[in-house]
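Asks: Submitted below is the structure of interest, expressed as structure tokens.
The values are calculated or read from the model by the stated rules, or taken from the named source; none is laboratory data. Keep in mind that this is a model prediction, so the values were computed, not measured. Don't worry about glycine lacking a Cβ; one is built from the backbone with ideal geometry, like all the others, and counts go over all protein chains shown. The accessibility values were calculated without ligands, DNA or RNA, using every heavy atom of the protein model including side chains. Shrake-Rupley method; radii C 1.70, N 1.55, O 1.52, S 1.80 Å.
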Amino acid sequence: MCRLVAYHGPKTSLERLVVEPAHSLLVQSQEAHEAKLAVNGDGFGIAWYDTLAEPGIFKDVFPAWSDSNLPSICRMVRSHLFLAHVRASTEGETSRTNCHPFINGVWSFMHNGGIGDFQLIRRELEALLNEKDYLAKRGSTDSELFFLLMITNGLSENPSRAVSKTIDQCLELMKTKRPKHRPLRLTIVFSDGQALYGFRYASDSKCPTLYMSQGKAFAGTVLASEPLDGMPENWQTIAPNQLVSISINRVHKEQIKPLNMVTA
């Protein structure tokens with residue numbers, strides 16, 4: 001299972017969240033506490049927003065702890081909104097195109113979890129993409145495909161509906177191909193450069209973790225797979241099926257209930 005962190009707030013260096021905390025994302029790449037695998041060494045990536053609408057991106061296939069460039073980049077880059085991810089691969093080989101975050105236009109996206117029996121339904125899911133989004137596909141992961149399906153399903157117009165419809169499509173195909181299918185589990189974090197979104201769901205009630213801290217451990221609002229400061233009292237758990245939208249001075253929570261969703 002992958003580990004991730006995202007931030008929205010006053011401009012700060014990426015170092016403050018990715019490197020410095022006692023249980024930073026860099027630490028979690030080797031010593032995750034709330035994942036099946038303690039080590040997340042199949043690549044890493046960061047996406048950040050600045051003066052342009054589209055995000056900057058830096059990612060590689062090396063373990064985060066072994067890349068000497070990463071601490072320097074995190075120290076020098078400052079942003080009001082960024083996403084960072086360390087990968088433990090479940091679908092797709094270790095390659096730069098399969099490392100998170102994924103970007104498409106103004107959107108950035110990262111994921112923890114997996115689509116059950118993905119290889120059985122991959123072809124059908126790809127067929128649901130419109131031509132533009134299909135041609136934008138670069139890797140072989142279920143994560144990138146889920147992201148592109150969200151875009152096809154109207155992410156820019158209505159994020160909650162896009163998430164709901166994409167989950168519906170996955171579950172319907174999973175049931176059709178194999179009635180006793182493996183579960184769909186996901187925690188997703190994504191942004192258009194204006195708002196930061198977080199959501200978690202599982203068809204078997206075993207959601208990957210996601211926490212939020214507002215102005216306690218850090219100046220802005222932080223989403224993370226695990227508390228970064230080692231102080232659980234500074235963090236709240238994002239409830240399953242709840243889309244959290246974070247913008248300047250506002251956090252909005254919305255329950256999502258796709259037609260095929262099993263209550264988690």
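Asks: In degrees, nearest 10, range 0 to 90: what is the angle between the Cα axis of helix 159-177 and the longest Cα principal axis of the chain?
Replies: 50
Asks: Next question. From Cα pairs below 8 angstrom and at least 6 apart in sequence, can you work out the relative contact order of the range 42-141, rounded to a whole percent?
Replies: 31
Asks: Counting heavy atoms of the protein chains only and a 1.4 Å probe, report the per residue accessible area for the chain as a whole number of Å².
Replies: 42
Asks: For the chain, what mean projected area does the convex hull of the alpha carbons give, in nm²?
Replies: Averaged projected area of the chain's Cα convex hull equals 12.4 nm².
Asks: Restricting to DSSP H runs of at least four residues, report the calculated mean residue ellipticity at 222 nm for the chain, -39500 (n - 2.57) per run over all residues, nearest 500 deg cm²/dmol.
Replies: Details: 7 runs with 64 residues, N = 264.
-7000 deg cm²/dmol, from helical runs alone.
Asks: Which entries in 175/257; 165/253; 36/165; 165/257 show an alpha-carbon gap greater than 20 Å?
Replies: Beyond 20 Å: 36/165.
Asks: Rounded to a whole number, what % of the accessible area of the chain do carbon and sulfur atoms account for, probe 1.4 Å? Can you show the working numbers first?
Replies: Values: 5650 of 11220 Å².
That share works out to 50 percent.
Asks: Convert each backbone phi in the range 118-130 into a coupling constant with the Karplus relation 6.51 cos²θ - 1.76 cosθ + 1.60 (shift: θ = phi - 60°), then list the ³J(HN,Hα) values in order as whole Hz, x for Gly and Pro.
Replies: Ordered by residue, 3J(HN,Hα) equals 4, 5, 6, 10, 4, 4, 5, 5, 4, 5, 7, 6, 6 Hz.
Asks: Suppose the chain between residue 182 and residue 60 were pulled fully straight at 0.36 nm per residue; how much longer would it get relative to their current alpha carbon spacing? Spell out each step's value before the answer.
Replies: Values: separation 122, 0.36 × 122 = 43.92 nm, distance 2.96 nm.
That works out to 41.0 nm of additional length.
Asks: For residue 158 and residue 22, calculate 0.36 nm times their separation in residues minus their Cα-Cα distance, and state this gained length in nm to one decimal.
Replies: 45.3 nm
Asks: Using Cα pairs under 8 angstrom and six or more residues apart, how large is the relative contact order of the chain, in percent?
Replies: 21
Asks: Multiply the residue gap between residue 106 and residue 205 by 0.36 nm, knock off their C-alpha separation, and tell me the result in nm, one decimal place.
Replies: Stretched out fully, the residue 106 to residue 205 stretch lengthens by 32.4 nm.
Asks: Over the range 45-87, what is the relative contact order in whole percent, taking alpha-carbon pairs under 8 Å and six or more residues apart? Walk me through the numbers before you get to the answer.
Replies: Working: 40 pairs, mean separation 23.6, N = 43.
Relative contact order, the range 45-87: 55 percent.
Asks: The range 11-25 to the range 154-223: how many Å between their Cα centroids?
Replies: The range 11-25 and the range 154-223 have Cα centres spaced 24 Å from each other.
Asks: Given a Förster distance of 25 Å, report the FRET efficiency between residue 95 and residue 68 from their Cβ-Cβ distance, rounded to the nearest 0.05.
Replies: With R0 = 25 Å, the Cβ-Cβ based efficiency is 0.75.
Asks: Still on this structure: Between residue 123 and residue 250, what is the label-to-label distance in nm when each label sits 7 Å out along the Cα-to-Cβ direction?
Replies: 4.6
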